[in-house]
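Engineer: The structure follows.
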Amino acid sequence: MIASPVRMNPQKQPHTQAKVVTLSTPRSSVARRRFPQRLSALAGHILPPLVTLAFLLVLWEVICSSPTASVPSPSRVVSETWELIVHPFYVGQGVDQGLFWHILASLKRVALGYCLAAIAGIALGALVGQSDWAMRGLDPIFQVLRTVPPLAWLPLSLAAFKDGNPSAIFVIFITAIWPVIINTAVGIRNIPQDYRNVARVLRLNQFEYFTKIMIPAAAPYIFTGLRIGIGLSWLAIVAAEMLIGGVGIGFFIWDAWNSSRMSDIILALIYVGIVGYLLDRAIASIAKVVTRNTLSA
Amino acid sequence: MSKPYLSLEQIDMVFSRGGASTQVLNQVSLDVDKGEFISIIGHSGCGKSTLLNIVAGLTEATRGVVLLEGVVVDAPGPDRAVVFQNHSLLPWLTVYENVKLAVDKVFSGTKSRVERHEWTMRNLELVQMVHAKDKRPSEVSGGMKQRVGIARALAMEPKVLLLDEPFGALDALTRAHLQDQVMQIHAELANTVLMITHDVDEAVLLSDRIVMMTNGPSAKIGEVLDVPLVRPRRRIELASDATYIRCRSAVLKFLYERHRLVEAA
């Protein structure tokens, strides 16, 4: 009986009886705590990288603060490239374009080369995965060709296409195709015999087997290949564009180096890194959606 | 006498790897009537799954033929639908889609879109899986997966339903439940069924005839036992039924006295 007035006006209770109050209202306190909890969990993920980044920037600033430093400090990078940062959509003459256009041009080349590589890679991988003869005939060739560095293809493709743009696209294609072929082939070789038997009992034709069994069953492997491929493509495009010229983030970097604009290079590197990261995340999230049901039952 | 519905004629199966060859099946002959429920029982390694695969057309016999309604079986097909031991549902399709895939393929020319949907639902109802039709195989229990496997096979309207140790991987209670369901479906649809099992009670409970295989290598049919129990059969009543006990002990004697698996001793 003494307890009931205690609950009526909790704020006036002495310290020892405060426990009664907290125990009597657990439900509302949980509900109220949920939002700050989520916030703190978020902070736990965002704070560490921010702190590290701030630390590195300060370190960089300190090391490169002398006016004779060969690499500009972060503050100098920002002040020197401010025009580029605030006008990404600037349109000028020839290669004098805003950074957005440079990156877009590079992305277009990557998109085209990569899509061709994905289509051809899955088709060739399916062939190699399905047929022992194709496997024996083609695999050694693939294993040798895939070790050729992407840029080594450039002179050959320039000779063949006689133009920079298709050559760059070809370099992307030839860079991205190997991991797609090899992973697709492995994925198709690993399709369980059970699924093949189901297809045989149902008398699925080649096309139905390809779309209804092969591609979904091999999807996790295919996406592994696609994800490696997109990373390699983005690595290769910057190097290829340095050599072929024209609008593109690779040539932008090369051009900046030739005019000794170190700050521009640093800004471009940051953009290249961010775009590369976003490309990887994009493929990874597509893979997640597409293959979420392919885990074995 | 009329020709048998399904007949296996002098099936030999020899697996050869490198120079060595092993004879797995030796002169296996069996006639099955329409609507009959046949169990094939034997110790593991006696080639009973191989025999089923030969009937299914998934494996080609070295010698001998399988005739279904007088026609030679030489390739797999939906007229001999298989319920695989490990269900073999496609994990990227829902329960409904797994059955629908078979229905769409088998009845693409003969049923309209609406009819195919209804037929899919009808078969899911038969195994009482309508409630989980939009779940993925990974989201339902082992017994449910096997029920979907059965629904998929039944949906093909097979001439012969082939069951490859369909309940082997299930716990005893789920197994009993599924056996009852299979009996009910068999009573309703009068399918011709060929079932592989190594469970004596299951064989006696479900079958019209039990085919007992001798041990491999070079396994053959040792004995065929008629199970003259009236249907519908109820497992509780059968437990004390004289005919049931006689059949059961006949199978047990065959398996454990005359054809004991040497390694298992």
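The values are calculated or read from the model by the stated rules, or taken from the named source; none is laboratory data. Everything quoted here is computed from the prediction, not taken from an experiment. Neighbour counts are summed over all protein chains in view; Cβ atoms, including those assigned to glycine, are modelled from backbone coordinates with ideal geometry.
Engineer: Restricting attention to region A:172-198, which residues are within 14 Å of chain B (Cβ to nearest Cβ), surrounded by fewer than 24 Cβ atoms within 10 Å (Cβ to Cβ) and part of a helix (DSSP H, G or I)?
Structural biologist: Selection gives A:Gln193, A:Asp194, A:Tyr195, A:Arg196, A:Asn197.
Engineer: Further question: Here are the criteria: (1) polar (S, T, N, Q); (2) surrounded by fewer than 20 Cβ atoms within 10 Å (Cβ to Cβ); (3) facing another protein chain (nearest Cβ under 9 Å). Tell me which single one B:Ser88 does not satisfy.
Structural biologist: Of everything listed in (1) polar (S, T, N, Q); (2) surrounded by fewer than 20 Cβ atoms within 10 Å (Cβ to Cβ); (3) facing another protein chain (nearest Cβ under 9 Å), B:Ser88 misses just condition (2).
Engineer: Follow-up question, since we're still on this one. Among the residues of region A:241-270, how many are over 24 Å from the mean Cα position of the chain (by Cα) and either polar (S, T, N, Q) or under 13 Å from A:Thr81 (Cβ atoms) (or both)?
Structural biologist: 7
Engineer: Then there's this: Determine, yes or no, whether A:Ile228 is touching a Leu at 6+ places or on another chain (Cβ under 9 Å), of a type in the set (Val, Ile, Thr) and touching a residue at least 40 places away in the same chain (Cβ under 8 Å).
Structural biologist: no
Engineer: From the list A:Leu235, A:Leu269, A:Leu243, which residue is free of Cβ contacts under 8 Å to residues at least 24 places away in the same chain and among the hydrophobic types (A, V, I, L, M, F, W, C)?
Structural biologist: A:Leu269
Engineer: Determine if region A:223-233 includes at least one residue that is within 14 Å of chain B (Cβ to nearest Cβ), assigned to a helix (DSSP H, G or I) and within 30 Å of A:Ala126 (Cα to Cα).
Structural biologist: Among the residues of region A:223-233, at least one is within 14 Å of chain B (Cβ to nearest Cβ), assigned to a helix (DSSP H, G or I) and within 30 Å of A:Ala126 (Cα to Cα), which makes the answer yes.
Engineer: Looking only at region A:199-222, decide whether some residue is surrounded by 22 or more Cβ atoms within 10 Å (Cβ to Cβ), farther than 30 Å from B:Leu154 by Cβ, within 14 Å of chain B (Cβ to nearest Cβ) and of a type in the set (A, V, I, L, M, F, W, C).
Structural biologist: Among the residues of region A:199-222, at least one is surrounded by 22 or more Cβ atoms within 10 Å (Cβ to Cβ), farther than 30 Å from B:Leu154 by Cβ, within 14 Å of chain B (Cβ to nearest Cβ) and of a type in the set (A, V, I, L, M, F, W, C), which makes the answer yes.
Engineer: Where in region A:1-107 are there helices (runs of 4 or more DSSP H), lying wholly inside it, with at least 2 residues that are within 27 Å of the chain's Cα centre (by Cα) and at pLDDT 85 or above?
Structural biologist: A:26-63, A:74-80, A:82-86
Engineer: Still on this structure: Residues that are at pLDDT below 90, at least 3 per element: which helices (runs of 4 or more DSSP H) completely within region B:173-265 meet that?
Structural biologist: So the answer is B:235-238.
Engineer: Might you let me know whether region B:97-114 holds any residue that is of a type outside the set (Ser, Thr, Tyr), under 18 Å from A:Asn205 (Cβ atoms) and modelled with pLDDT under 90? Full working, then the answer.
Structural biologist: Of the residues in region B:97-114, the ones of a type outside the set (Ser, Thr, Tyr) are B:97-107, B:109, B:111, B:113-114.
Those left that are additionally under 18 Å from A:Asn205 (Cβ atoms): B:100-107, B:109.
Right, trim to modelled with pLDDT under 90 and you get B:109.
Scanning region B:97-114 turns up at least one residue that is of a type outside the set (Ser, Thr, Tyr), under 18 Å from A:Asn205 (Cβ atoms) and modelled with pLDDT under 90.
Here's the yes/no breakdown for (1) hydrophobic (A, V, I, L, M, F, W, C); (2) away from chain A (no Cβ under 14 Å):
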{"residue": "B:Glu69", "(1), (2)": "no, yes"}
{"residue": "B:Val82", "(1), (2)": "yes, no"}
{"residue": "B:Tyr96", "(1), (2)": "no, no"}
{"residue": "B:Ser108", "(1), (2)": "no, no"}
{"residue": "B:Glu125", "(1), (2)": "no, yes"}
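Engineer: Out of (1) more than 14 Å from every other protein chain (Cβ to nearest Cβ); (2) in contact with a helix residue (DSSP H, G or I) (Cβ under 8 Å, 6 or more places away or on another chain); (3) of a type in the set (Gly, Ala, Ser), what's the single condition that is false for B:Gly64?
Structural biologist: Answer for B:Gly64: the failing condition is (2).
Engineer: Given the residues B:Val106, B:Val32, B:Val28, which is the only one that is closer than 27 Å to B:Arg122 by Cβ, touching a helix residue (DSSP H, G or I) at 6+ places or on another chain (Cβ under 7 Å) and buried (at least 18 other Cβ atoms within 10 Å of the Cβ)?
Structural biologist: So the residue among B:Val106, B:Val32, B:Val28 that is closer than 27 Å to B:Arg122 by Cβ, touching a helix residue (DSSP H, G or I) at 6+ places or on another chain (Cβ under 7 Å) and buried (at least 18 other Cβ atoms within 10 Å of the Cβ) is B:Val106.
Engineer: Check region A:271-290 and report whether any residue there is buried (at least 19 other Cβ atoms within 10 Å of the Cβ) and touching a Ser or Thr at 6+ places or on another chain (Cβ under 6 Å).
Structural biologist: no
Engineer: Among the residues of region B:91-103 satisfying the criterion of being in contact with a helix residue (DSSP H, G or I) (Cβ under 8 Å, 6 or more places away or on another chain) and outside any loop (DSSP other than H, G, I, E, B), which is surrounded by the fewest Cβ atoms within 10 Å (Cβ to Cβ)?
Structural biologist: Among residues in region B:91-103 that are in contact with a helix residue (DSSP H, G or I) (Cβ under 8 Å, 6 or more places away or on another chain) and outside any loop (DSSP other than H, G, I, E, B), the one surrounded by the fewest Cβ atoms within 10 Å (Cβ to Cβ) is B:Tyr96.
Engineer: Does A:Ser233 satisfy the criteria of being crowded, with 16+ Cβ neighbours inside 10 Å and of a type in the set (S, T, N, Q)?
Structural biologist: When the stated conditions are applied, A:Ser233 passes them.
Engineer: Out of (1) within 14 Å of chain A (Cβ to nearest Cβ); (2) buried (at least 20 other Cβ atoms within 10 Å of the Cβ), the odd one out for B:Lys48 is which?
Structural biologist: Unmet for B:Lys48, out of (1) within 14 Å of chain A (Cβ to nearest Cβ); (2) buried (at least 20 other Cβ atoms within 10 Å of the Cβ): (1).
Engineer: Name, by its number, the condition in (1) within 28 Å of A:Arg200 (Cβ to Cβ); (2) away from chain A (no Cβ under 14 Å); (3) touching a Lys or Arg at 6+ places or on another chain (Cβ under 7 Å) that does not hold for B:Ala187.
Structural biologist: For B:Ala187, the exception is condition (1).
Engineer: What are the pairs with Cβ atoms under 7 angstrom where one residue, in region A:51-62, is without any contact (Cβ under 8 Å) to a residue 60 or more places away in the chain and the other, located anywhere, is not charged (D, E, K, R)? Sequence gap at least six, or different chains.
Structural biologist: Pairs found: A:Leu57/A:Pro74; A:Trp60/A:Ser73; A:Trp60/A:Pro74; A:Glu61/A:Ser73; A:Glu61/A:Pro74; A:Glu61/A:Ser75.
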